[in-house]
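Novice: There's a structure below that I have some questions on.
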Amino acid sequence: MTTAVRWSTYLLVIFAFSLTQGYEAQAGWPWSCDTCKEAEKEAKWAERAARPVGSRQKYKFGELWPPYPRPTGPKQHFWNRYHHAHYWPYPYQCEDRAYVRDVMDRQMHNGWADQTTLYAYHFEKDTNKLTEAGLMHLRWILTHAPESRRTVFVQSANESIESQERLANVQYAASQMAGDDNLPPTMLRLAPTYGRPAREEDMKYRAYIGSILPPRILYTPGGGTASNGGN
């Protein structure tokens, strides 16, 4: 019985080993030693390539050298330093360009949002209906704003009921101007009020014109007389 058990165990080990070798030869079995070594090598080089460029900051004699922020991890490998020096400033210039473009896109979005917003002075205080200036501004948004920026923003009021009344009045006025099929998105917006009502500006301008003194020419008559041709 002991000999039979040994032979059966031996045969099972050989069968399992043959299966392992077969899978490795056919599909690159990931448990093989060569595959593990290659994967470990690639992971090590990938970690080295991800290290930041430049000199490292060191702590020595109670001070940081240099005192300004610098990387503190392991140094780069020679081949990685050569790669960064050869292709500099790529790929860091791509990150800088993407950052600048993102800032510009945010500024453009905020600017168009201000231009397509109906503020509190575009509505009547009692009925929350659009004033004449508000209707003109709404028509400008529907006809002149680019299609990608044609979103009507309505400044929110202090109370939700007033905000909903403003929104409903804007949607009704827009449907009267452009029809129900061409209505742009309309939504509330929390924003401070920029500018002043047109009535207030008109009153200031009229007060300024009324305060201007009439023009005066200072004239002092002289004592001389004109000559009469030598007589």
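The values are calculated or read from the model by the stated rules, or taken from the named source; none is laboratory data. This one's a predicted model, so the numbers in the text were calculated from it and none came from an experiment. Note that we place each Cβ from the backbone using ideal geometry, even for glycine, and neighbour counts take in every protein chain shown. Please note that ligands, DNA and RNA were not included when accessible areas were found on the heavy atoms of the full protein model with its side chains. Shrake-Rupley method; radii C 1.70, N 1.55, O 1.52, S 1.80 Å.
Novice: Excluding Glu159 itself, calculate the net charge of residues whose Cβ lies under 15 Å from the Cβ of Glu159, where each Lys or Arg counts +1 and each Asp or Glu counts -1.
Specialist: Residues near Glu159 contribute -1 overall.
Novice: For the range 132-220, what D do you get in µm² per second when you plug the Kirkwood radius from alpha-carbon pairs into Stokes-Einstein at 4 °C and 1.567 mPa s?
Specialist: On the way: Rh = 16.1 Å.
For the chosen part, D equals 81 µm²/s.
Novice: Within the range 132-231, what whole-number % of the accessible surface is contributed by carbon and sulfur, with the 1.4 Å probe and all protein chains included in the calculation?
Specialist: 53
Novice: Taking 0.36 nm per residue of sequence separation and subtracting the Cα-Cα distance, how much length would be gained by fully extending the chain between Ser175 and Trp45, in nm to one decimal? Could you put the intermediate results ahead of the total?
Specialist: Values: separation 130, 0.36 × 130 = 46.80 nm, distance 6.28 nm.
Net length gain for the segment: 40.5 nm.
Novice: Compute the accessible area per residue over the range 30-118, keeping the other protein chains in place, probe 1.4 Å, unit Å². Write out the running numbers ahead of the final one.
Specialist: On the way: 7480 Å² over 89 residues.
Computed with neighbouring chains in place, this is 84 Å² per residue.
Novice: Give me the net charge for the shell around Gly134: Cβ to Cβ below 13 angstrom, other residues only, Lys and Arg +1, Asp and Glu -1.
Specialist: With Lys, Arg at +1 and Asp, Glu at -1, the neighbours total +3.
Novice: Two decimals, Cα atoms only, Kirkwood Rh: what is Rg/Rh over the range 58-199?
Specialist: 1.34
Novice: Quick one: if the Förster radius is 30 Å, what FRET efficiency do Arg81 and Cys36 give, using the C-beta to C-beta distance and rounding to 0.05? Mind showing how you got there, number by number?
Specialist: Working: r = 28 Å, r/R0 = 0.95.
Calculated transfer efficiency: 0.60.
Novice: Let me ask something else. Could you tally the net charge around Asn169, taking each other residue with its Cβ under 10 Å from the Cβ of Asn169, Lys/Arg +1 and Asp/Glu -1?
Specialist: Details: positive: Lys129, Arg166; negative: Glu124, Glu165.
So the surrounding residues net to 0.
Novice: Run the accessible area of the range 85-130 with a 1.4 Å probe and give the carbon-and-sulfur part as a rounded percent. The partial results should precede the final answer.
Specialist: Details: 1880 of 3530 Å².
Carbon and sulfur together cover 53 percent of it.
Novice: A further question follows. Suppose R0 equals 35 Å; then what is the FRET efficiency for Glu63 and Tyr90 from their Cβ-Cβ distance, rounded to the nearest 0.05?
Specialist: Details: r = 35 Å, r/R0 = 1.00.
The formula returns an efficiency of 0.50 here.
Novice: Right, another one. Set the Förster radius R0 to 22 Å, insert the Cβ-Cβ distance between Thr193 and Val103 as r into 1/(1 + (r/R0)^6), and round the FRET efficiency to 0.05.
Specialist: So the FRET efficiency works out to roughly 0.30.
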